Amino acid sequence: MEFLLAVFLAVLTVTVAMSFYYEHPKAEIPHGISQRQKLYVFHYVLNFVLGLGKFLEKVGITSEISIIRTVMDGIPPFKDKHLFIKDLSFEKVNVRIYQPKISTTGQRRGILYFHGGVGQFGSIRAYERTCRFFARSSNSVVVSVGYRLAPEYPYPTQFEDCLVATIHFMKAAQDYGVDSSRITVCGDSSGGTLAAAVAQALVNRTDLPKLRAQILIYPFLQAVDFDLPSYQQNKGVPLLLKERTIAFGLKYLNKDLSDIKAVAKGCHVPEDLQLKYQKWVSADYIPRKFKRRGYKPSTTRPFSEELSTPMKVVFDPVFSPLLAEDSVIARLPETFILTCEFDVLRDDGLLYKKRLKDHGIKVTWCHLQEGFHGIILLAFWGRLIAFQSGNQGLEEIVNFLRLM
């Protein structure tokens with residue numbers, strides 16, 4: 001027994017060491033980020049988790065995705081004396097509602113929060129601190145949506161669950177002391193994708209009140225161009241490396257991971273769609289100041305007929321909200337967009353901001369000059385883990401909410 005345990009630990013050590021060996025050269029911590037060593041630590045921790053997950057999956061103990069989910073859930077916080085917290089089900093969609101205990105003279109604003117995790121991990125528990133913070137700091141009723149995850153529940157189940165929960169809450173808002181005209185959808189990363197897609201799905205609903213706003217925290221918004229300036233400049237910046245972004249997206253859609261390099265080059269986009277989407281997705285619309293860190297325009301985008309058919313799904317606005325038609329964009333609610341300088345998804349937010357403003361939508365933009373992907377979530381884990389730039393972003397979000 002001791003021998004088997006020793007062998008297991010030895011193999012585990014080698015596997016995890018290999019993950020560091022292969023991933024470390026890909027990591028590029030820019031000097032524009034303060035507390036660079038702290039970010040390196042998080043990069044190593046993430047690589048350890050991914051390496052451990054791969055090893056345990058290979059030996060048949062558990063799946064890689066289960067390990068990531070467990071780590072993300074972390075240690076739950078203590079009880080909150082300032083909030084009423086209750087688990088409910090909105091038409092079979094699990095939700096957790098956070099209601100401030102402090103008395104109020106009128107109805108509160110409502111916030112539907114969609115967590116990140118590329119549709120495959122993340123949970124109500126993983127974002128417990130996030131939702132408690134928004135409920136307390138903005139005196140709002142927050143609904144955290146526990147949408148079902150892939151691969152057990154394939155895309156677009158995640159969007160459908162978020163839409164169902166949103167509609168249910170909008171219809172029943174008064175039951176929770178919420179003004180139905182002051183409901184906002186909010187999400188970070190892929191949760192921002194879901195928030196944007198839900199907002200778009202509701203623009204033509206005449207049987208519901210209009211959303212008051214949408215809050216998109218470093219959202220993924222398009223799968224057309226993975227060679228935008230932010231993808232080039234930040235391809236190796238933790239926590240979301242370029243290759244990892246595409247790999248997670250392909251896994252979410254249950255596509256072949258061997259296509260990562262071809263998708264990165266844009267081989268999945270037919271010429272006619274390249275022409276259609278270039279009016280919305282183009283480096284030409286990214287301000288010059290965001291191209292100074294070594295951006296090199298791409299001249300060729302070879303097309304693969306074999307790849308395009310299985311990849312058609314990525315052009316659906318549910319997956320790529322930036323590709324919605326002008327008639328939908330023009331009817332969206334007031335918007336808050338947070339972007340980070342050192343994030344591959346930075347330019348998705350910049351391009352969406354431009355589209356919204358071009359159609360007269362009021363946009364509040366918060367750009368974290370030292371920010372990287374995931375910095376807002378880290379802000380809820382104390383001083384040892386939080387970054388100052390993330391705290392700044394939280395203040396901006398709360399200030400926006402208080403005006404709603």
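Hey, any hits in the stretch 99-117 for a residue that's in contact (Cβ under 8 Å) with a residue 60 or more places away in the chain and at positive phi? Talk me through it step by step, then tell me what you get.
Let us first name the residues in the stretch 99-117 that are in contact (Cβ under 8 Å) with a residue 60 or more places away in the chain, namely 99, 104, 106-117.
Subsequent filtering for residues that are at positive phi retains 117.
Yes; the residues of the stretch 99-117 include at least one that is in contact (Cβ under 8 Å) with a residue 60 or more places away in the chain and at positive phi.
Kindly check whether there is at least one residue in the stretch 340-352 that is farther than 27 Å from Leu241 by Cβ and in a loop (DSSP other than H, G, I, E, B). Outline the logic, then answer.
Applying the first criterion (farther than 27 Å from Leu241 by Cβ) to the stretch 340-352 yields none.
No, that holds for no residue.
Looking at the stretch 356-373, can you tell me whether even one residue there is outside any strand (DSSP E or B), more than 24 Å from Lys210 (Cα to Cα) and either without any contact (Cβ under 8 Å) to a residue 40 or more places away in the chain or out of contact with any Asp or Glu (no Cβ under 9 Å at 6 or more places or on another chain) (or both)? Spell out how you get there, then give the answer.
If we filter the stretch 356-373 for residues that are outside any strand (DSSP E or B), which is where we start, we get 356-362, 373.
Retained after the next criterion (residues that are more than 24 Å from Lys210 (Cα to Cα)): 373.
Retained after the next criterion (residues that are either without any contact (Cβ under 8 Å) to a residue 40 or more places away in the chain or out of contact with any Asp or Glu (no Cβ under 9 Å at 6 or more places or on another chain) (or both)): none.
So far as the stretch 356-373 goes, no, none of its residues is outside any strand (DSSP E or B), more than 24 Å from Lys210 (Cα to Cα) and either without any contact (Cβ under 8 Å) to a residue 40 or more places away in the chain or out of contact with any Asp or Glu (no Cβ under 9 Å at 6 or more places or on another chain) (or both).
Looking only at residues that are surrounded by 24 or more Cβ atoms within 10 Å (Cβ to Cβ) and over 15 Å from Tyr295 (Cβ atoms) in the stretch 344-354, which one is nearest to the chain's Cα centre (by Cα)? Spell out how you get there, then give the answer.
Step one: of the stretch 344-354, the residues surrounded by 24 or more Cβ atoms within 10 Å (Cβ to Cβ) are 344-349, 352.
From the residues that got through so far, the ones that are over 15 Å from Tyr295 (Cβ atoms) too are 345, 348-349, 352.
Working: Leu345: 9, Asp348: 12, Gly349: 12, Tyr352: 15 Å.
Among those residues, the one meeting the criterion is Leu345.
Report, ordered by the first and then the second residue, all pairs with beta carbons closer than 6 Å, sequence separation of six or more or different chains, a first member in the stretch 288-315 that is closer than 28 Å to Asn254 by Cβ, and a second member that is surrounded by fewer than 10 Cβ atoms within 10 Å (Cβ to Cβ) and modelled with pLDDT under 90.
Listed pairs, sorted by first residue: none to list.
Any residue in the stretch 134-161 that is under 18 Å from Asn94 (Cβ atoms) and modelled with pLDDT of 95 or more sitting within a Cβ distance under 6 Å of a residue that is part of a loop (DSSP other than H, G, I, E, B) and of a type in the set (D, E, K, R)? List the pairs, counting only those 6 or more apart or interchain.
Thr157/Arg148; Asp161/Arg148
Please find, within the stretch 374-388, the residue that is farthest from Phe336 (Cα to Cα) out of those that are without any contact (Cβ under 8 Å) to a residue 24 or more places away in the chain and surrounded by 16 or more Cβ atoms within 10 Å (Cβ to Cβ).
Ala386
Checking the conditions here, which among Ile183, Ile215, Ile260 is hydrophobic (A, V, I, L, M, F, W, C) and within 22 Å of Val313 (Cα to Cα)?
So the residue among Ile183, Ile215, Ile260 that is hydrophobic (A, V, I, L, M, F, W, C) and within 22 Å of Val313 (Cα to Cα) is Ile260.
So Lys357 passes all but one of these: (1) surrounded by fewer than 18 Cβ atoms within 10 Å (Cβ to Cβ); (2) modelled with pLDDT under 95; (3) under 21 Å from Pro321 (Cβ atoms). Which condition number does it fail?
(2)
What is the number of the single condition among (1) within 22 Å of Gly116 (Cα to Cα); (2) within 23 Å of the chain's Cα centre (by Cα); (3) at pLDDT below 85 that Ser66 does not meet?
Only one criterion is unmet by Ser66, namely (3).
Restricting to the stretch 372-404, what's the tally of residues that are touching a Leu at 6+ places or on another chain (Cβ under 8 Å) and not acidic (Asp, Glu)? Break it down into steps so the answer makes sense when it comes.
Initially, the stretch 372-404 is screened for residues touching a Leu at 6+ places or on another chain (Cβ under 8 Å), giving 372-376, 379, 385-387, 389-390, 392-393, 396-397.
The next check asks that each one be not acidic (Asp, Glu); those that pass are 372-376, 379, 385-387, 389-390, 392-393, 397.
Residues in the stretch 372-404 being touching a Leu at 6+ places or on another chain (Cβ under 8 Å) and not acidic (Asp, Glu): 14 in total.
Is it the case that Lys279 is free of Cβ contacts under 8 Å to residues at least 12 places away in the same chain and within 20 Å of Asn234 (Cα to Cα)? Before the answer, list the steps.
Values: free of Cβ contacts under 8 Å to residues at least 12 places away in the same chain: yes; within 20 Å of Asn234 (Cα to Cα): no.
So Lys279 fails the test.
The values are calculated or read from the model by the stated rules, or taken from the named source; none is laboratory data. Every value quoted in this text rests on a predicted model; they were computed, and no experiment measured them. Neighbour counts run over all protein chains shown; Cβ positions are idealised from the backbone, glycine included.
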